[in-house]
Amino acid sequence: GGNLKPRPIFAMSLLKNQSLGHKIEKGTIAVWEEDYKLIHYLEENKSLLFNLEKDPDELYNLFDKNPKVSQRLLHLIQNNLKMANEKIRK
């Protein structure tokens, strides 16, 4: 019955690894937090940032225009990917 603290939401589309125990290096990872969604393409090391409230169709990439939000969300992806890859190798 209480209020939940907002948390980031992740979505992934990963390409199949060649073998078990191989770290995640291919695919796309997205994270939503508040009004922002960041999409990161692993192979290209390219990111797109959208303000979903102002741009629900995701037409205007704000990655370079809003570096504070871009870097915070990209770090969320990178840190979670690092933890996942460390678990894979164990």
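Remarks
- Short-range pairs are left out: with C-alpha atoms under 8 Å and at least six residues apart, the relative contact order of the chain is 22 percent.
- If you take all other residues with their beta carbon under 13 Å from the beta carbon of Lys54, and give Lys and Arg +1 and Asp and Glu -1, the sum is -4.
- Stretching Ser13 away from Asp35 to a fully extended chain increases their span by 5.8 nm, per 0.36 nm per residue minus the current alpha-carbon distance.
- Correct choice for P(r) over Cα pairs in 10 Å bins from 0, in percent that was computed from the model, options [x] 17, 51, 26, 6, 0; [y] 20, 58, 22, 0; [z] 16, 44, 27, 12, 1: [z]
- Computed on protein heavy atoms with a 1.4 Å probe, the accessible areas place Arg7, Arg72 in the order Arg7, Arg72, largest first.
- Within the accessible area of the chain (1.4 Å probe), percent carbon and sulfur: 51 percent
- Pairwise Lys count, the chain - Cα closer than 13 Å, eight or more residues apart or different chains: 7
- Most to least accessible of Glu25, Glu34 (protein chains only, probe 1.4 Å): Glu34, Glu25
- Probe 1.4 Å - accessible area at His22, Å² to nearest ten: 70 Å²
- Look at the dipole of the chain built from charges on Cβ: of Pro56, Ile39, Ile24, the Cα furthest out on the positive end belongs to Ile24.
- With Cα atoms, 0 to 90° folded angle of helix 67-89 axis to the chain main axis: 20 degrees
- Rounded to the nearest 500, the helix-only mean residue ellipticity at 222 nm of the chain stands at -9000 deg cm²/dmol, with each DSSP H run of n ≥ 4 adding -39,500 (n - 2.57).
- Residue of Leu38, Leu14, Leu73 that the Gaussian network model of the chain assigns the largest fluctuation, springs spanning Cα pairs under 10 Å: Leu14
- Taking all protein chains into account, the per residue accessible area for the chain stands at 77 Å² (1.4 Å probe).
The values are calculated or read from the model by the stated rules, or taken from the named source; none is laboratory data. Just so it is clear, the structure is predicted and the values come from calculations on it, not from any experiment. With ideal geometry, Cβ positions are generated from the backbone for all residues, glycine too; neighbour counts draw on all protein chains shown. Ligands, DNA and RNA are excluded from the accessible area calculation, which covers all protein heavy atoms including side chains. Shrake-Rupley method; radii C 1.70, N 1.55, O 1.52, S 1.80 Å.
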